[in-house]
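For reference, the structure discussed in these notes is given below.
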Amino acid sequence: MARYTGADCRLCRREGIKLFLKGDRCYGDKCAIERRPYPPGQAGKKRPRDSEYRVQLREKQKTKRIYGLLEKQFRGYYELASRQTGITGENLLRILESRLDNVVYRLGFAKSRDEARQIVRHNHVMVNGHRVNIPSYRVRGGDLVAVGVKSKDLLVIKTALIASEKIEVPGWLEVDIEKLQGKVLSLPTREMIDAPVREQLIVELYSK
């Protein structure tokens, strides 16, 4: 599957906001957006005109980058959200939050969503007692997400647990650090999702 392989810090600078793509680095003095708070490139310091289309496009791009998705998959999620009952924008965020890689990150078992994706792909995560290696797998209310028994001593997970003190576990999840497992209490409502996203702008963009 195609994926972005460039510098993550460039994405934060492009969107003008911390996307927390690099784990510990995002919280320290080395964060690129702290040192160079303008878009990358020679013309980065020039502020472009904020047209309606540009604002909507940037919101979509920002959301894709937060969750580590490319256009085709993100568009597929939007179309799925639009077919569901309720508010399309909120449905979209709920779908994105229910991805397994996001849940692993939210539980504190990984320092970033990229790292969570790697952990899932390398067969270190179990859902309801079954090994799942598909990052896009969507959890449901009542699901139990746990680190595999043979994976609990991995350095990458131990390091993430130390860093997870900086990350607050959302109310729709419940984590047991001792057992390295978490429970999905329910799928989140909009109020439970702290992603800095204005989802209505994405809906307006795709509705054109």
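Residue by residue, what Karplus-based ³J(HN,Hα) values in Hz, rounded to whole numbers, does region 91-105 have, using 6.51, -1.76 and 1.60 with θ = phi - 60° and x for Gly and Pro?
4, 4, 5, 5, 5, 5, 5, 7, 4, 4, 5, 5, 5, 4, 5
With 26 Å as the limit, write out which pairs from Lys62/Lys179; Lys64/Lys208; Lys111/Lys152; Lys72/Lys183; Lys62/Lys158; Lys72/Lys158 have Cα-Cα distances beyond it, or answer none. Intermediate results must be reported in sequence, preceding the final value.
Working: Lys62/Lys179 34 Å; Lys64/Lys208 19 Å; Lys111/Lys152 15 Å; Lys72/Lys183 30 Å; Lys62/Lys158 29 Å; Lys72/Lys158 34 Å.
Lys62/Lys179; Lys72/Lys183; Lys62/Lys158; Lys72/Lys158, as the Cα separations exceed 26 Å there.
Going by amide H atoms built from the backbone, whose H comes under 5 Å of the H on Leu173, apart from near neighbours?
Leu185
Using 0.36 nm per residue, how much length does the chain from Ile193 to Lys208 gain when fully extended, once their Cα-Cα distance is taken away? All intermediate terms of the calculation are to be shown ahead of the outcome.
On the way: separation 15, 0.36 × 15 = 5.40 nm, distance 2.62 nm.
Computed gain between Ile193 and Lys208 is 2.8 nm.
Each residue of region 148-158 in turn: what ³J(HN,Hα) in whole Hz from Karplus with 6.51, -1.76, 1.60 and θ = phi - 60°, glycine and Pro shown as x?
Taking θ as phi minus 60°, the curve returns x, 4, 6, 9, 5, 9, 5, 4, 4, 7, 4 Hz for region 148-158.
On each of the three principal axes of the Cα atoms of region 101-187, give max minus min coordinate, whole Å, ordered largest first.
The Cα atoms of region 101-187 stretch 29, 26, 23 Å along their principal axes.
Using the per-residue mean of other Cβ atoms lying within 10 Å as a proxy for protection, in what order, highest first, do the peptides 127-138, 52-63 fall?
Numbers: 127-138: 14.2, 52-63: 16.8.
So the order, starting with the most tightly packed, is 52-63, 127-138.
Every number in this text was worked out from the coordinates using simple rules, so none of it is lab data. No experiment lies behind these values; they were computed from the predicted model shown. Here the Cβ is made from the backbone with ideal geometry for all residues, glycine too, and neighbour counts use every protein chain on show.
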